[in-house]
Amino acid sequence: MSAVTSRRGDIWQRFAVAIPYLWLLIFFLAPFAIILKISVADPIMAQPPFTPAFSDAGGLQISADNYVFLLTDKLYAITYLKSVLMALSATALCLLLGFPIAYGIARAESGTRNILLLLIVLPFWISFLLRVYAWMGLLNNYGVINNLLMWLGITEQPIPMMYTDFAIYIGLVYSYLPFMILPLYATLERMNLDLVEAAQDLGATSSRAFWDITWPLARPGVIAGSLLVFIPATGEYVIPYLLGGPESLLIGRVLFDEFFVNRDWPLAAAVAIVLVVLVVIPIVLLQRYQAKAAEQTA
Amino acid sequence: MTGKDNDKSFIEVRELSKHFGEFVAVDAVNLRIERGELFSILGGSGCGKTTLLRMLAGFETPTSGRIFLDGVDITDQPPYERPVNMMFQSYAVFPHMTVEQNVSYGLQKERMPRNEIASRVGEMLALVKLEDYASRKPDQLSGGQRQRVALARALVKKPKVLLLDEPLAALDRKLREHTQFELMNIQDELGITFVVVTHDQEEAMILSNRIAVMEQGRFEQIGTPKEVYEFPCNRFVADFIGTINTFEGVVQTSGEGEITVASDECGHSLRAYCDTPPRNGSDICLAVRPEKIYISQTEPDNDEDSCLRGVIEDFGYFGNLSLYRIRLETGKVVQVSAQNRRRSTERFLEWDDQVFISWRPRSAVVLEN
Ligand SMILES: Nc1ncnc2c1ncn2[C@@H]1O[C@H](COP(=O)(O)OP(=O)(O)OP(=O)(O)O)[C@@H](O)[C@H]1O
Ligand SMILES: [Mg+2]
């Protein structure tokens, strides 16, 4: 009897475990394979605008031309680098701003805490696009901020903010801050406050206790939040397009232009693949580092 | 300074209060603890034990009052400067550090040389019998082992006072009994003053030199375990510590340390002794512990003792002793416990048996209203 039920339980258990894998297979791996296939084709004027993987004669026709082009053209390398650096800086800024906010919320009384959390997620009720447009109105030469500054007499001339990297940073940090705050809040809220007091009791000042106890224990939240900000920020298209200047060419923009302006799907696909690889590599490294750290302590 | 004339007490707490808004958690308590004492603060949930302990540790700023330790006013010292360590109710063992790192943490903050830290930590781990677990992480330890890590970590700095908040509450019964004695041995060995908070009266009785019984932010009585058990100063203490039978009554005659009490509850006059007899006609309460009452099937031929008649309503067999609930003619139920000295196959007393219960007048405690 029990053997039968346990085997049935086993099947369900396996099924439950398989769901995330199935999800990834259908919605990530399969599209990824399609993009990969397109990236090794050549562009043609047709529908779809790329050569099939097998020629009419039945021979395999793939080429790494697009990748070679990407790697040899300096412009792409610079664009990638700039995108990654910008995403990294935005992540750091989000962490810097988000940590104290998450900490404050986690330590607030439960009534206030729920209100604060609501405020953090409230912007999601408004379309992302609208919120970025709103920033255009704020950052304009004759927008709210400049008008205020001039009215206060802080500046004579409007300070140009729109169409600069500054505006992109504002947009990135503003849009992705909740993704940093929420996982940080989750780990900080779960943390036993006695731990910090125990450290103080053993002779640590408040700041020492923070670095010895709170920070290391918040690391899962820091990592999760950073990934949630860094990954979408690297490929971000809307914010640089709307707020950034023409010279702030980021990889999301390049990708968009290759697809829709140049209609060079294979090159665009190659750009996307390289982007995925660039983003995935640090995650894999990070995970390996964590696994190793866990092993060492065991 | 007024602190000088009573510099005998090691810890002195004067009129210490803590208010949380309108709520008074600790209400102007006074307390003196001697050096090397194992002192317990005993009370029900929410009576302010933890708050008091946290004020001693420095985590809670008193609303008013002062705390002296070894003649020094430490009221305004931050926790990391007080020569006091605390063992938390949740143990608060650092989950990201090994046992060894946990125990050495306090010494590292002191900037003690490395080799000295190693030897001190080794000593401590030996004391709590965790030498073999030095490199384990807390999640690889049992509850009892984690408790010992917390203890070692709090003791390693050789504090003047160790504060323990419900140190044994999370352990199962067997382990708790075992650990009680370990704790006493360690305290004895190191000579550190322990202040233990507990809601378990048995634990407080076994562990401590003295007990403070706390209720709603105040101390009801401070004394040795024997004093609070045998001479409770009021109903709350009598009730809180162990079981006790109470008989309400009115003082009839009073004189020379002896009183007679007319008690409607048991339909009899009862005699009792007390040092300062209450006035005639005052309402009082006589309290008698179950083990002070004798139970017999024949009427005892002793005029001295208070004797009542009743029937056995219920009884329980506990191995070493039996508990009886006896219903008096007036309907009042009295609890009696008797040692099972003899080993017999047939039971001595049964349900609905007519019995006599009696006790020495000196066994009754007089509690004034
Ligand atoms: N930070 C606080 N803010 C408001 N009230 C508090 C605070 N800390 C404690 N209290 C209140 O003070 C009272 C005493 O709390 P305390 O933690 O000292 O109780 P305790 O005797 O340790 O109880 P337990 O045995 O359950 O641990 C409780 O009623 C509690 O609600
Ligand atoms: Mg408590």
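The values are calculated or read from the model by the stated rules, or taken from the named source; none is laboratory data. All values derive from a computational prediction rather than experimental measurement. For neighbour counting, all protein chains shown are included, and Cβ atoms are generated from backbone atoms with ideal geometry for every residue, glycine included. The area values use the complete protein model at the heavy-atom level, side chains included, leaving out ligands, DNA and RNA. Shrake-Rupley method; radii C 1.70, N 1.55, O 1.52, S 1.80 Å.
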Test: residue in the range A:74-86 that is touching a strand residue (DSSP E or B) at 6+ places or on another chain (Cβ under 7 Å) and open to solvent by less than 70 Å² (accessible area, probe 1.4 Å): no
Candidate set from the range B:160-199 (those that are within 13 Å of ligand 1 (Cβ to nearest atom) and open to solvent by 40 Å² or more (accessible area, probe 1.4 Å)); member that is modelled with the lowest pLDDT: B:ALA170
Residue pairs meeting the criteria (Cβ under 8 Å; at least 6 apart or on separate chains; first facing chain A (nearest Cβ under 8 Å), in the range B:78-92; second of a type outside the set (A, V, I, L, M, F, W, C) and part of a strand (DSSP E or B)): B:MET86/B:ASP165; B:PHE88/B:ASP165; B:GLN89/B:ASP165
Given (1) within 22 Å of B:VAL29 (Cβ to Cβ); (2) within 16 Å of ligand 2 (Cβ to nearest atom), index of the condition B:ALA170 fails: (1)
Unique residue being in contact (Cβ under 8 Å) with a residue 60 or more places away in the chain and either outside any loop (DSSP other than H, G, I, E, B) or of a type in the set (Phe, Trp, Tyr) (or both) when the list is B:VAL228, B:VAL213, B:VAL250: B:VAL213
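Might you let me know whether the range B:14-22 holds any residue that is within 14 Å of ligand 1 (Cβ to nearest atom), within 30 Å of B:VAL149 (Cβ to Cβ) and in a strand (DSSP E or B)?
Quick first cut of the range B:14-22, residues within 14 Å of ligand 1 (Cβ to nearest atom) only: B:16-22.
Keeping just the survivors that are within 30 Å of B:VAL149 (Cβ to Cβ) gives B:18.
Restricting the remaining residues to those that are in a strand (DSSP E or B) gives B:18.
Yes, because at least one residue in the range B:14-22 is within 14 Å of ligand 1 (Cβ to nearest atom), within 30 Å of B:VAL149 (Cβ to Cβ) and in a strand (DSSP E or B).
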Count - residues of the range B:131-158 that are more than 24 Å from B:HIS199 (Cβ to Cβ), within 13 Å of another protein chain (Cβ to nearest Cβ) and not aliphatic (A, V, I, L, M): 8
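Does the range B:94-115 hold any residues that are facing chain A (nearest Cβ under 8 Å) and out of contact with any Gly (no Cβ under 9 Å at 6 or more places or on another chain), and which are they? Break it down into steps so the answer makes sense when it comes.
Here is the first cut: in the range B:94-115, the ones facing chain A (nearest Cβ under 8 Å) are B:94-96, B:98, B:105-106, B:109-110.
Passing the criteria: B:PHE94, B:PRO95, B:HIS96, B:THR98.
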Scope the range A:7-36; condition open to solvent by 70 Å² or more (accessible area, probe 1.4 Å) and touching a residue at least 40 places away in the same chain (Cβ under 8 Å); matching residues: A:LEU36
The range B:59-95: number of residues that are in contact with a strand residue (DSSP E or B) (Cβ under 7 Å, 6 or more places away or on another chain), closer than 19 Å to B:LEU168 by Cα and crowded, with 21+ Cβ neighbours inside 10 Å: 4
Residue count for the range A:21-55, restricted to those that are part of a helix (DSSP H, G or I), of a type in the set (A, V, I, L, M, F, W, C) and closer than 16 Å to A:LEU267 by Cα: 6
Verdict on B:LEU171 being in contact with a helix residue (DSSP H, G or I) (Cβ under 9 Å, 6 or more places away or on another chain), away from every other protein chain (no Cβ under 13 Å) and outside any helix (DSSP H, G or I): yes
Wholly within the range A:178-263, helices (runs of 4 or more DSSP H) carrying at least 3 residues that are within 14 Å of another protein chain (Cβ to nearest Cβ) and within 30 Å of B:THR98 (Cβ to Cβ): A:193-201, A:206-209, A:215-234
Single unsatisfied condition, B:LEU69 versus (1) away from chain A (no Cβ under 14 Å); (2) touching a helix residue (DSSP H, G or I) at 6+ places or on another chain (Cβ under 7 Å): (2)
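Every residue, every condition in (1) more than 16 Å from ligand 2 (Cβ to nearest atom); (2) in the same structural domain as B:GLU81 (by TED's automatic domain parsing); (3) in contact (Cβ under 8 Å) with a residue 24 or more places away in the chain, yes or no:
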| site | (1), (2), (3) |
| --- | --- |
| B:ARG136 | yes, yes, yes |
| B:LEU164 | no, yes, yes |
| B:ASP188 | yes, yes, no |
| B:MET205 | yes, yes, yes |
The range B:25-58, subset basic (Lys, Arg) and within 15 Å of ligand 1 (Cβ to nearest atom), residue most open to solvent (accessible area, probe 1.4 Å): B:ARG54
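Take the range A:168-177 and flag every residue that is more than 14 Å from the chain's Cα centre (by Cα) and either open to solvent by less than 10 Å² (accessible area, probe 1.4 Å) or within 14 Å of another protein chain (Cβ to nearest Cβ) (or both). Can you show your working first?
Pass one, the range A:168-177, residues more than 14 Å from the chain's Cα centre (by Cα): A:168, A:170.
Within the range A:168-177, just A:ILE168 meets the criteria.
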